[in-house]
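Since the structure comes first, as structure tokens, the remarks are kept for the end.
The values are calculated or read from the model by the stated rules, or taken from the named source; none is laboratory data. The shown structure was predicted, so the numbers you read here are calculated from the model rather than taken from an experiment. Cβ placement follows ideal geometry from the backbone for every residue including glycine, while neighbour counts extend to all protein chains displayed. These area figures cover heavy atoms from the full protein model, side chains too; ligands, DNA and RNA do not enter into them. Shrake-Rupley method; radii C 1.70, N 1.55, O 1.52, S 1.80 Å.
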Amino acid sequence: DASLAPDVEAAIQAMIQEGLANSVRHGHAQHVSLTCVTDEGGLTVTLIDDGEGAAFVKDGIGLSGMRERIASCGGTLHAEPVGNGFRLMGRFPQPFDSERTE
């Protein structure tokens with residue numbers, strides 16, 4: 001019944017936009033899956049694509065910006081090649097705004 005905190009909502013939106021753009025631009029992905037899971041520890045948002053993956057992860061402007069925005073919410077971002085694709089996973093320990101409910 002709680003709403004996302006505004007800074008968390010903005011960080012998730014930016015993560016999804018940048019992740020989708022990177023999936024197409026760098027990975028040439030055909031498909032991307034998005035999952036959002038809540039548990040006692042918070043919220044995890046995961047994007048996994050079926051693109052070309054990467055031999056290693058280099059933080060450019062996009063990944064650095066995502067990390068900074070998510071860190072400003074107290075969260076973390078993991079970016080890694082998986083199988084034949086790439087995974088972005090944002091973890092938000094306290095994503096909900098206790099002042100707002102919808």
Checklist line | Residue that is over 19 Å from GLN94 (Cα atoms) and either over 14 Å from the mean Cα position of the chain (by Cα) or touching a residue at least 40 places away in the same chain (Cβ under 8 Å) (or both), where the choices are ALA14, ALA5, ALA54 | finding: ALA54
Note to self: I'd like to verify a number: residues in region 1-50 that are assigned to a helix (DSSP H, G or I) and either of a type in the set (Asp, Glu) or in contact with a Lys or Arg (Cβ under 9 Å, 6 or more places away or on another chain) (or both), how many?
What the structure shows: 8
Next item on the list: Among the residues of region 90-102, write down those that are out of contact with any Asp or Glu (no Cβ under 8 Å at 6 or more places or on another chain), in a strand (DSSP E or B) and surrounded by fewer than 17 Cβ atoms within 10 Å (Cβ to Cβ).
Entry: ASP97, SER98, GLU99, ARG100
Note to self: Test of understanding: among VAL57, VAL32, which residue is farther than 26 Å from ALA2 by Cα, at pLDDT below 95 and not polar (S, T, N, Q)?
What the structure shows: VAL57
Item checked: Residue count for region 22-54, restricted to those that are farther than 16 Å from GLY85 by Cα and surrounded by 11 or more Cβ atoms within 10 Å (Cβ to Cβ) -> 6
Check: So which residues in region 55-82 are open to solvent by 60 Å² or more (accessible area, probe 1.4 Å) and either in a strand (DSSP E or B) or closer than 14 Å to SER23 by Cβ (or both), if there are any at all?
Finding: THR76, HIS78, GLU80
